[in-house]
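The values are calculated or read from the model by the stated rules, or taken from the named source; none is laboratory data. All figures in this text were calculated on a predicted structure; none of them were measured in a lab. Note that each Cβ is placed from the backbone with ideal geometry, even for glycine, and that neighbours are counted across all protein chains shown. Protein only, heavy atoms only, side chains kept; ligands, DNA and RNA dropped before computing areas. Shrake-Rupley method; radii C 1.70, N 1.55, O 1.52, S 1.80 Å.
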Amino acid sequence: MTSVPAQHALPSYLNAEDLGPWGVYLQQIDRVTPHLGSLSRWVETLKRPKRILTVDVPIERDDGTIAHYEGYRVQHNMSRGPGKGGVRFHQDVTLSEVMALSAWMTVKNAAVNVPYGGAKGGIRVDPKTLSRGELQRLTRRYTSEISLIIGPNKDIPAPDVNTNEQVMAWMMDSYAMIEGNLSTGVVTGKPISLGGSLGRREATGRGVFVVGREAAAKRGVAIEGARVAVQGFGNVGGVAATMFAEAGAEVIAVQDHTGTIVHQGGLDVALLHKFVAETGGVANFPGAEQTIGRDGFWDIESDILIPAALEQQITAANAPRIRTKIILEGANGPTTPEADDILTDKDVLIVPDVLANAGGVTVSYFEWVQDFSSFFWTEDEINARLTRIMQDAFNAVWAVAQDKKVTLRTATFILACTRVLQAREVRGLYP
Ligand code: NAD
């Protein structure tokens, strides 16, 4: 439960007693405000989303009954460009969560300097309870409901938790049917056969690895032989684990929604991927040395810890137990502000989500550019450009952190919020 800091005037649709992830975001904004100079005049603009759309998503189930689901699209800030951010299908999706995720997209897009604002969408549904046909109907109806506010120059969704290339293909097709033209640029993370970009699937995990390598160099941690623990073995955690293993690190622990596995000598990540593809999770992987309880994951000593599952995983309750040198936030919002302070006091270097997982939106940007020009780049070109953008962003953030003597999170917020508010200021208020 996150309660509201006293200075915030809250809109009527929020519960001040339980702000959830949006409360975490507000605290992060409070930390950056003293560093914004004259731009702090505009900071209220970051504390309320520009536009929130709540939609009812009814579908006919396979058994003939009608089911209704709650859907959202939140456009947090569009000062620097059209909205950009993923769509999440999860039973715990709330408005507070989608608002926070949309705001973190504003910060992230500005941090890596891609010309987008921040947006996010979600449906409160457990997609594992739906058949493929039901999932398709849900996706198409949701797209139709939010088609009022999305579009290649307005707001461009992408995959997030429990959505993938197929869901993006259905979204693009639904939008194209409504608009009467092809509109490949309306979503990113599409299949390659439909204007998707090479390297997009791996981009977020690759970006986590690239900034991890930079952070490790600053901290004097050798990647070769480094002990890496990963929470979440999906698109982000799975790819990051592979890249660290390929670079010679030992992936000693992996946790997903099915269980927690440990091998101090290093898990065989390639074999684990095959196992997860066949069984749906890491539980009972024969290559593990031991299986431990869910909470025990936070007691495993590592050099690099990668939370890559859901938000608010590292809290004041488990942060004191965490023994690691570097945390790479693959997930969005995995660390609460209280935990942030505890870990910083313990000299843990935290590379924040808004920087560490920006590789996905960076290659989404490449996909969008390629779709507009109908000219597609090679995977090598994409990976080289991604690496350069992530390294430049990391180094710019590092320089601000050194200069202002703040954490990498606050430094990223300083850099990003300055860019957003400069755009806000030169555009001016309408009318
Ligand atoms: P995914 O659905 O591919 O994988 C999620 C993983 O988390 C799965 O392995 C799942 O088993 C695990 N998980 C779920 N609940 C868990 C729990 N309670 N405990 C431990 N593990 C659990 O999702 P993803 O695309 O890899 O996204 C993961 C995180 O990264 C999310 O926070 C997402 O917002 C963020 N992110 C994703 C992208 C992207 O391009 N996919 C980009 C930026 C940020």
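Below is a table of values for the structure above.
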{"quantity": "Residues located in the range 151-197, provided they are open to solvent by 10 Å² or more (accessible area, probe 1.4 Å), charged (D, E, K, R) and within 16 Å of the ligand (Cβ to nearest atom)", "calculated": "D160, E165"}
{"quantity": "Selection within the range 340-399 - among the charged types (D, E, K, R) and more than 27 Å from K325 (Cα to Cα)", "calculated": "E367, D371, E379, D380, E381, R385"}
{"quantity": "Checking D256 against (1) over 15 Å from L328 (Cβ atoms); (2) over 23 Å from the mean Cα position of the chain (by Cα); (3) open to solvent by 10 Å² or more (accessible area, probe 1.4 Å), the condition it does not meet", "calculated": "(2)"}
{"quantity": "Criterion (open to solvent by less than 30 Å² (accessible area, probe 1.4 Å) and within 16 Å of the ligand (Cβ to nearest atom)) met by exactly one of A411, A416", "calculated": "A416"}
{"quantity": "Residue in the range 23-35 that is on the phi < 0 side of the Ramachandran plot, surrounded by fewer than 20 Cβ atoms within 10 Å (Cβ to Cβ) and assigned to a loop (DSSP other than H, G, I, E, B) present", "calculated": "no"}
{"quantity": "Test for A270: is it surrounded by fewer than 18 Cβ atoms within 10 Å (Cβ to Cβ), more than 14 Å from the ligand (Cβ to nearest atom), in the same structural domain as A216 (by the TED database) and not charged (D, E, K, R)", "calculated": "yes"}
{"quantity": "Which numbered condition E301 fails, given (1) open to solvent by 10 Å² or more (accessible area, probe 1.4 Å); (2) in contact (Cβ under 8 Å) with a residue 40 or more places away in the chain; (3) farther than 23 Å from A217 by Cβ", "calculated": "(3)"}
{"quantity": "Top-ranked residue of the range 231-241 - restricted to ones that are part of a helix (DSSP H, G or I) and farther than 18 Å from T279 by Cβ, ranked as least open to solvent (accessible area, probe 1.4 Å)", "calculated": "A240"}
{"quantity": "Test: residue in the range 153-161 that is free of Cβ contacts under 8 Å to residues at least 60 places away in the same chain and either over 26 Å from A203 (Cβ atoms) or not polar (S, T, N, Q) (or both)", "calculated": "no"}
{"quantity": "Residue within the range 244-257 that is under 18 Å from Q313 (Cβ atoms) and assigned to a loop (DSSP other than H, G, I, E, B) present", "calculated": "yes"}
